[in-house]
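Every number here is computed from the coordinates shown, using simple stated rules; none is lab data. Bear in mind the structure is a predicted one, so any value in this text is a computation, not a measurement. When we count neighbours, we look across all protein chains shown, and the Cβ atoms used for this are built from the backbone with ideal geometry, even at glycine.
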C-alpha cells in the first residue's frame, strides 16, 4: 500500500515538475504521457525504496532536462540530415562530421557527470538495472510506435 502511494506521488510530482518546465507542454500532451509512462516504468523496474526515490528523481529529472537541452542545441547546430552530403563541399562535410563527434562527446561527458551522481544515490546493482531499464523503455516505445504504424 505504501509503495503504491509512493509511486503515485512520485509520478504526480514528476509530472507537475516536467509540465512546468519551459517548452515541455507543446503538442497534444504526448510528451507528458511519455514522461509519465517512463517514470512509472523506471520506478516499477528499479523497485526504489521511498528514501531512494526521494533522492533519485530530482537527480534524474535534472539529468533528463540537461540531456534534452543538449540534444536540442546539438540538433540546432548540426544540419546533418538536412541536406545531401553529395551537395556539400568536402570542407563542409568534414566540418559537419567533426561537429557530430564533438556533440557526441558533450553527451558522453554529461552522462559521465551524472553517472557519478547516480552512483551516490543507487546501489551498484540498481544502477546497472537503471541503465538497462532506460534501454528497455526505449525499446518498448519503439515497438509501440512500430505497431501503431502497422495498424493504420
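For residue 62 and residue 131, the FRET efficiency from 1/(1 + (r/R0)^6), where r spans their Cβ atoms and R0 equals 22 Å, is about 0.80.
Coordinate range of the alpha-carbon atoms in the stretch 104-152 per principal axis, descending: 45, 26, 10 Å. Between the alpha-carbon centers of the stretch 37-59 and the stretch 112-148, tell me the distance in whole angstrom. If we compute the Cα centre of each part, the gap is 11 Å.
If the segment from residue 139 to residue 94 were pulled out straight at 0.36 nm per residue, it would be longer than the present Cα-Cα gap by 13.0 nm. Treating r as the C-beta distance of residue 146 and residue 51 and R0 as 41 Å, the FRET efficiency rounds to 0.60. Here each label is just a point 7 Å from Cα along the line to Cβ, and for residue 101 and residue 73 those points are 2.1 nm apart.
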